[in-house]
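The values are calculated or read from the model by the stated rules, or taken from the named source; none is laboratory data. Bear in mind the structure is a predicted one, so any value in this text is a computation, not a measurement. Neighbour counts are summed over all protein chains in view; Cβ atoms, including those assigned to glycine, are modelled from backbone coordinates with ideal geometry. Ligands, DNA and RNA are excluded from the accessible area calculation, which covers all protein heavy atoms including side chains. Shrake-Rupley method; radii C 1.70, N 1.55, O 1.52, S 1.80 Å.
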Amino acid sequence: MGTVHARSMDSYPMYGRDMGVNPDDMEMMEAVQETKQEVLENKDVVVQHVNIEGLGRTKEDYLGYEISDVFTARNLVEVMRKSHEARQRLLRLGIFKDVEVVIDISEGADALPNGLDVTFEVTELKRLTGSYNTMVGNNEGSMVLGIKLPNIIGRGEKLTFQFSYGTKETSYGLSFFKPQSGYYERNFTLNLYKVTGQFPWSSLKETDRGVSTELSFPLWMTDHTLKWEGVWRELGCLARSASFAVREESGHTLKSALSHTMVVDTRNSAILPRRGALLRLNQELAGYTGGDASFLKEDVELQLNKPFIWGSVLSASLWGGMIFPLGRQPTSIADRFYLGGPTSVRGFGMYSIGPQSEGDYLGGEAYWASGLHLYTPLPFRSNKGGLADLFRTHFFLNAGNLCNLNYGEGPHAHLQKLAECIRWSYGAGIILRLGNIARLELNYCFPMGVQSGDRICDGVQFGAGIRFL
């Protein structure tokens, strides 16, 4: 709960060697302890003052909303609980290194007999901080260096420069973050970035230089993000052996897109949940605000998790998406969907399902994928706790398909094509959870429904990432 101090509380029933209780009365301690909680809850108090000490560059009015709820407490237990909640809200702002709470009786001419003063003693972060860490993406890793200027104007703003060097991607970017006063979940972000990536499954390399703005806000039980992105994309061939279909895509293009993401997440963990559900809907409209790309893209993700017998967890997931070209130009290879690999349909090569040309995978305009999983604790464990709790055994059944559609045909023809040539796989393995950052999988896979041109991984397959089917 952090540090909560209470000073000069002589008017409340306290006990102990230094609390004014005679040692001869120690036999009454047990009875006093049993009634203490009830007495504290029934004792009316008034929070007269809430103070914040230790502020430097932070504006005091910015913190008013975070601590205002303390004034509504009506007994000492509520004061302690609401003070702790306010402390958590202050730490969530990301501008304080430490926050301590001191509860004292009110003093002065206006002090009430049952009045209390609550003081938050804060330690601000330095004006300039640096960081070094590693990140795990979808079957790739990267080293990240960052420089951060927190609270630069005094109301929670943050300026961040970040450089990332990975196995398939190198990037650097500058971002400015501004939360709304009183509503930290409502925030605005401005990004400037350059990203260079290699995609060996398509013999493609891509360099993006762009700017984006994001507005994030909660609405009832959902979280929403509105985004505009303008990006100059440079596509090229990764190898001389690249197919003609990939060479056709090479060159410079401009993309301007509006997107909206809605998320409902009740899971107890994003990496290896035991219960809860996830619903993510994403829509992207490109070309309406300019640029060469013109399409409407829809993407959905659904996941359900439920505890099962003997500490196991049953999980079901469904992904799906479609791209609708809005002009005469076909969609770009950089905008299409890709499927396959240890993080989606296991037993197949990384993004190695669907349309391809001379061994280069070109992506598709429509896809679906589903998974059924059973996660169980390691067998033959002697007791709970320790390193074994980071591991799970894993049994899975995956299926999916990726294809291009003829949008002159009707929905029935589209569904029929998505139902043809279904790839599926089953198998078992071991999962290692890396905190709440990522997870590693080592599975033995049996790919089925293999089509001509698919690249498979029959046997042992290793996967690392955050988002898994």
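List of remarks:
- Here the stretch 184-281 is assigned +1 on the Cβ of each Lys and Arg and -1 on the Cβ of each Asp and Glu. Its dipole about the Cα centre then comes out at about 240 debye.
- Karplus-derived 3J(HN,Hα), 6.51/-1.76/1.60, for each residue of the stretch 288-305, Hz, glycine and proline x: 5, 9, x, x, 7, 7, 8, 6, 10, 10, 10, 9, 9, 9, 10, 9, 10, 10
- Cα radius of gyration and Dmax for the stretch 406-459 (Å): 17.0, 48
- Residue-averaged 222 nm ellipticity for the chain, from DSSP H runs of 4+ at -39500 (n - 2.57), nearest 500: -3000 deg cm²/dmol
- Cross-link pairs exceeding 20 Å in C-alpha to C-alpha distance, out of K194/K227; K82/K126; K59/K126; K59/K158; K126/K148, comprise K82/K126.
- Between the alpha-carbon centres of the stretch 106-132 and the stretch 185-210 there is a gap of 42 Å.
- Reported to the nearest whole Å, the Cα centre-to-centre distance from the stretch 331-357 to the stretch 391-443 is 10.
- When the Cα convex hull of the stretch 188-264 is projected onto planes of every orientation, the mean area is 6.2 nm².
- Computed from the Kirkwood radius of its Cα pairs, the Stokes-Einstein diffusion coefficient for the chain at 25 °C and 0.890 mPa s stands at 93 µm²/s.
- Put simply, when 75-81, 138-144 are sorted by average Cβ atoms within 10 angstrom per residue, most first, you get 75-81, 138-144.
- By a 1.4 Å probe calculation restricted to protein chains, K43 has an accessible surface near 90 Å², given to the nearest 10.
- Sorting 230-239, 149-158, 360-369, 411-420 by average packing, meaning the other beta carbons within 10 Å per residue, from highest down gives 360-369, 149-158, 230-239, 411-420.
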